[in-house]
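What follows is a single structure, written as structure tokens, with notes after it.
The values are calculated or read from the model by the stated rules, or taken from the named source; none is laboratory data. Since this is a predicted model, take the numbers as computed values, not measurements. Every residue, glycine as well, gets a Cβ built from its backbone with ideal geometry; the counts of neighbours run over all protein chains shown. Only protein heavy atoms, including side chains, enter the accessible area calculation; ligands, DNA and RNA are left aside. Shrake-Rupley method; radii C 1.70, N 1.55, O 1.52, S 1.80 Å.
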Amino acid sequence: MWDALVGVMKDVYTAGMGEGTVPRPVIMPLVRGELVGLIWVRPLKVGQDALAGIAELANIAAVVGADEVVLAWETHDVATACELPIVGPAPCLNMVLATRDRHVLHRFPYSEQLLSRSPEGWASVAPDWRLAPTPQPGGELVPPIQAAVNFSFTPIELDHPDPFGVTVLLMEEGGYRVSLTEAFAG
């Protein structure tokens, strides 16, 4: 499953960067090894809103009782949005595989190869994936990612007949992009 998720994220990054954007942070909760779906962060304002928005990615993982989560984010993008120093290689796709008790940080650095530039100045680039450093068990996570990991395993109890469904609906209404797998789309 891990290799498939890494492949999907690299493909998503390649496609997004070809259109001039870096994909937003995403969480992929798993229940008993089955992927629940992908939840992409909502549009963020720089600062506290970005910190909160990224941490809130955990809501669906928490309500569904995920036993594992994978988060993916770009080093420079999250540092800029959250007004944090850049930690680690940049540009870099970061992915963390986490359980309640531990996490392993994986980094996939890349360089940007310019494909084209629009008349408005937008650059279309392709990532040239570099050699990935050794995965880091317990590697340092930036604060909003660490918060999302922590909150993913903090149960959310809602007084509602369908807590999962209402959480999905509220997150979608809040601007998060939620793509559930068939097993969880209900």
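Show me, bin by bin at 5 Å from 0, the whole-percent P(r) of the range 90-186 based on Cα pairs.
So the P(r) values, bin by bin, are 2, 10, 12, 14, 15, 15, 14, 10, 5, 2, 0.
Add +1 for every Lys or Arg and -1 for every Asp or Glu among the other residues with Cβ under 12 Å from the Cβ of Val168, and state the total.
On the way: positive: Arg177; negative: Asp162, Glu172, Glu173.
Around Val168, the surrounding residues sum to -2.
With r as the distance between the Cβ atoms of Arg100 and Glu34 and R0 = 25 Å, compute the FRET efficiency 1/(1 + (r/R0)^6) and round to 0.05.
Numbers: r = 17 Å, r/R0 = 0.69.
Once rounded, the FRET efficiency stands at 0.90.
Tabulate in residue order the Karplus-calculated ³J(HN,Hα) for the range 62-71, using 6.51 cos²θ - 1.76 cosθ + 1.60 with θ = phi - 60°, rounded to whole Hz; enter x for Gly and Pro.
5, 6, 8, x, 4, 9, 9, 9, 10, 10
Loop only by DSSP, 13 or fewer other Cβ within 10 Å of the Cβ. Give me the GluC sites (Glu not before Pro) in the range 114-186 that pass, ordered by residue number. Numbers along the way, then the final one.
Working: sites: Glu120, Glu140, Glu157, Glu172, Glu173, Glu182; in loops: Glu120, Glu140, Glu157.
Qualifying residues, ordered by number: Glu120, Glu140, Glu157.
Give the accessible surface of the chain per residue, rounded to a whole number of Å², with probe radius 1.4 Å and ligands, DNA and RNA excluded. Intermediate results must be reported in sequence, preceding the final value.
Details: 9550 Å² over 186 residues.
On a per-residue basis, the chain sits at 51 Å².
Once neighbouring chains are kept in place and the probe is 1.4 Å, which whole percent of the accessible area of the chain is contributed by carbon and sulfur?
55
In the neighborhood of Val26, defined by Cβ-to-Cβ distances under 11 Å, what is the net charge if each Lys or Arg adds +1 and each Asp or Glu adds -1? Walk me through the numbers before you get to the answer.
Numbers: positive: Arg24, Arg177; negative: Glu74.
So the environment of Val26 carries a net charge of +1.
Projecting each Cα onto the charge dipole of the range 127-186 (Lys/Arg +1, Asp/Glu -1 at the beta carbon, about the Cα centre), which of Gly139, Leu180, Leu158 comes out farthest on the positive side?
Of Gly139, Leu180, Leu158, it is Gly139.
Between Ala132 and Asp159, what length in nm is gained on full extension when 0.36 nm per residue of separation is reduced by their alpha carbon distance?
Values: separation 27, 0.36 × 27 = 9.72 nm, distance 4.46 nm.
Fully extending the segment from Ala132 to Asp159 adds 5.3 nm.
Using only the alpha-carbon atoms, how far is helix 163-173 inclined from the longest principal axis of the chain? Give it as 0 to 90 degrees, nearest 10.
40
In nm, to one decimal, how far is the Ile86 label point from the Val166 one, both placed 7 Å along Cα→Cβ?
4.4
Over the range 107-186, calculate the relative contact order: mean separation of alpha carbon pairs under 8 Å at least 6 apart, over the residue count, as a percent. Walk me through the numbers on the way to the answer.
Working: 48 pairs, mean separation 14.6, N = 80.
About 18 percent, as a whole number.
Do the sum for the chain: with -39,500 (n - 2.57) for every DSSP H run of n ≥ 4, divided by all residues, what is the mean residue ellipticity at 222 nm, to the nearest 500 deg cm²/dmol? Let's see the in-between values first.
Numbers: 7 runs with 64 residues, N = 186.
Calculated at 222 nm, the ellipticity per residue is -10000 deg cm²/dmol.
From the P(r) of the chain, could you give the percentage of C-alpha pairs in the tail past 23 Å? If you can, show how the numbers build up before the last one.
On the way: 7066 of 17205 pairs.
In whole percent, the share of Cα-Cα pairs in the chain beyond 23 Å is 41.
Rounded if a/c is under 1.5, else prolate if a/b is larger than b/c, else oblate: which is the range 31-94, with a ≥ b ≥ c the root eigenvalues of its Cα gyration tensor? Walk me through the numbers on the way to the answer.
On the way: a/c = 2.87, a/b = 1.64, b/c = 1.75.
In terms of gyration-tensor shape, oblate.
Under unit Cβ charges (Lys, Arg +1; Asp, Glu -1), what dipole magnitude, rounded to 20 debye, does the chain have relative to its Cα centre? Intermediate values should be presented prior to the final figure.
On the way: 11 positive and 22 negative charges, 89 e Å.
Taking the Cα centre of the chain as origin, the dipole is about 420 debye.
Apply the Karplus parameterisation 6.51 cos²θ - 1.76 cosθ + 1.60, with θ equal to phi minus 60°, to every residue of the range 110-117 and state each ³J(HN,Hα) to the nearest whole Hz, in sequence, with x for glycine and proline.
Running phi through 6.51 cos²θ - 1.76 cosθ + 1.60 with θ = phi - 60° gives 8, 10, 9, 9, 5, 9, 6, 9 Hz.
For the range 7-19, take each phi angle, set θ = phi - 60°, evaluate the Karplus expression 6.51 cos²θ - 1.76 cosθ + 1.60, and give the result in whole Hz per residue in order, putting x for glycine and proline.
Coupling constants for the range 7-19: x, 4, 5, 5, 5, 4, 5, 4, 5, x, 5, x, 9 Hz.
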